[in-house]
1. I'd like the FRET efficiency for Met299 and Ser100, computed as 1/(1 + (r/R0)^6) with the beta carbon distance as r and R0 of 51 Å, rounded to 0.05.
2. With a/c under 1.5 counting as rounded, go ahead and sort region 182-255 into rounded, prolate or oblate using the C-alpha gyration tensor (a ≥ b ≥ c being the square roots of the eigenvalues; past the cut-off, prolate if a/b is larger than b/c, else oblate).
3. Toward the positive end of the charge dipole of the chain, about the Cα centre and with charges on Cβ (Lys, Arg +1; Asp, Glu -1), which of Val11, Ala296, Val51 goes farthest?
4. At a 1.4 Å probe radius, which order do Lys278, Lys18, Lys217, Lys258 fall into by accessible area, largest first?
5. At a probe size of 1.4 Å, how large is the accessible area of His276, to the nearest 10 Å²?
6. Where the accessible area of the chain is counted over protein heavy atoms with a 1.4 Å probe, how much of it, in %, is carbon and sulfur?
7. Taking a 1.4 Å probe, which of Arg197, Arg271, Arg35, Arg56 shows the most accessible area, and what order do the others take after it?
8. Per residue, how much accessible surface does region 16-55 expose to a 1.4 Å probe? Answer in Å², no decimals.
Amino acid sequence: MTNSEISGVLVVEKPAGKTSHDVVGAVRRLYHTRRVGHTGTLDPMATGVLVVLIGRAAKAAEYLSVHDKEYRAVLRLGLTTDTEDITGKTLTVSGDIPSSTQVIEAAEGFVGEILQTPPMYSALKVNGQKLCDLARRGVEVERKPRPITVYALSCRHLQENDYELQVRCSAGTYIRTLCADIGAKLGCGGVMAALQRVAVGEYSLENAVSLETLEDKNDDERAALLLPTESLFAELPAVRLPAFFEKLSRSGCEIYQKKIGTTHPTGTRVRLCDEHGKFFALGEVREYENGSAIKAVKMFDIA
């Protein structure tokens, strides 16, 4: 595989102390391409799964479905900071820590659909400006609470005021804020002391590679680590097109479902594949004057 052809998904195990941008920079250097992006920023102190998109796969970012995420975090009670984690400026300290039974009960009470106010120290933008940039200048703006879902949460006592949280949640959930909210509910305050992202959708630590491992490999070995771009859309139905219809689709034509025997509802996103099952484009079902048809919205394989 030549450098110009390198394309796919790389699951990186981000180390502590590196920004997500640092990881992208390292991948650009190691894979000899500027076409690198990622799906979902991790704070510098956080570790774990960072899904990196290389080559043509980088074009997929705007079309990706929102994946659920899994985290392992350490909640430290008796402390609040301006960043809601241990890296921030201390605001309050409390020695009045509830019992472990009370802590576990309070934490597990956050399971379900809840409203969460995004922290000021986040990459969210308000009027084109990142909240974290405003926060560093001492500016605080009103943030509206947003609905999130915590699908599962378990809590266990580690030592002293530290508790481990195992959280499976919807995208857009801030674990720092979850820790702060648990601490507020208990009345003693709480911050996030450590964070590891265990999984993003189907991508997990089991198939993640460290930057050190990448450094030690040659170009061919690095290329072999890439997962197919199609894996980003694994949850979408696949539509195989006979050669004639594949050619039409690649030319920008809509493919009427009645002609290929499919009945996907309007608005459905699909994986368009050739007659052998090879993925080449992301398609979407739309209504046209002559009926329901599938049109390619983003091409990932250039014939």
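The values are calculated or read from the model by the stated rules, or taken from the named source; none is laboratory data. Computed from a predicted model, the values in this text were never measured in an experiment. With ideal geometry, Cβ positions are generated from the backbone for all residues, glycine too; neighbour counts draw on all protein chains shown. Note: accessible area is taken over every heavy atom of the protein model, side chains too, but ligands, DNA and RNA are not part of it. Shrake-Rupley method; radii C 1.70, N 1.55, O 1.52, S 1.80 Å.
1. Calculated transfer efficiency: 0.40.
2. Oblate, since a/c reaches 1.5 and b/c is not below a/b.
3. Ala296
4. Lys258, Lys278, Lys18, Lys217
5. Rounded to the nearest 10, that gives 140 Å².
6. 48 percent
7. Arg35, Arg56, Arg271, Arg197
8. The answer is 40 Å² per residue.
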